[in-house]
Amino acid sequence: MEVILKDDIQGLGYKNDIVNVKPGYGRNYLIPQGFAIHATKSAKKVLAENLKQAAHKAEKIKSDAQ
């Protein structure tokens, strides 16, 4: 089962990573605790767009500081 991590989890991955976990671990622990969401096609698109916007914002801040 693929999930997108919402927080850093030691031994598993970092925030915004897409990781494969056992279905029971994902369904019974990660998702109910709010540590992850299902990595559906639409969730992956949203994640890609958010990362793209964050990179653009960081680039703009960096160029404005110089």
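The values are calculated or read from the model by the stated rules, or taken from the named source; none is laboratory data. The structure displayed is predicted, hence computed values, not measured ones. As a convention, Cβ positions derive from the backbone with ideal geometry for all residues, glycine included, and neighbour counts pool all protein chains shown. The area values use the complete protein model at the heavy-atom level, side chains included, leaving out ligands, DNA and RNA. Shrake-Rupley method; radii C 1.70, N 1.55, O 1.52, S 1.80 Å.
Computed extension length for His38-Ala58: 4.5 nm, one decimal, from 0.36 nm per residue of separation with the Cα-Cα distance subtracted. Counting Lys and Arg as +1 and Asp and Glu as -1 over every other residue whose Cβ lies under 10 Å from the Cβ of Leu5, the net charge comes to -1.
Add +1 for every Lys or Arg and -1 for every Asp or Glu among the other residues with Cβ under 14 Å from the Cβ of Asn50, and state the total. Working shown, then result.
Details: positive: Lys6, Lys15, Lys44, Lys45, Lys52, Lys57; negative: Asp17, Glu49.
So the environment of Asn50 carries a net charge of +4.
For the chain, adding -39500 (n - 2.57) for each run of n ≥ 4 DSSP H residues and dividing by the number of residues yields -13500 deg cm²/dmol at 222 nm. Remark: the chain is approximated by an ellipsoid whose semi-axes, taken from the C-alpha gyration tensor as √(5λ), come to 29, 13, 8 Å, largest first. Solvent-accessible surface (1.4 Å probe) assigned to Leu30 amounts to roughly 0 Å². Given their separation in residues at 0.36 nm each and the Cα-Cα distance between them, Ile18 and Lys45 gain 8.5 nm when the chain is fully extended.
Could you do me a favour and compute the accessible area per residue for the range 2-65, 1.4 Å probe, result in Å²? Working shown, then result.
Details: 4930 Å² over 64 residues.
Heavy-atom accessible area per residue stands at 77 Å².
Taking the accessible area of the chain, probe 1.4 Å, and keeping the other protein chains in place, the carbon and sulfur fraction comes to 53%.
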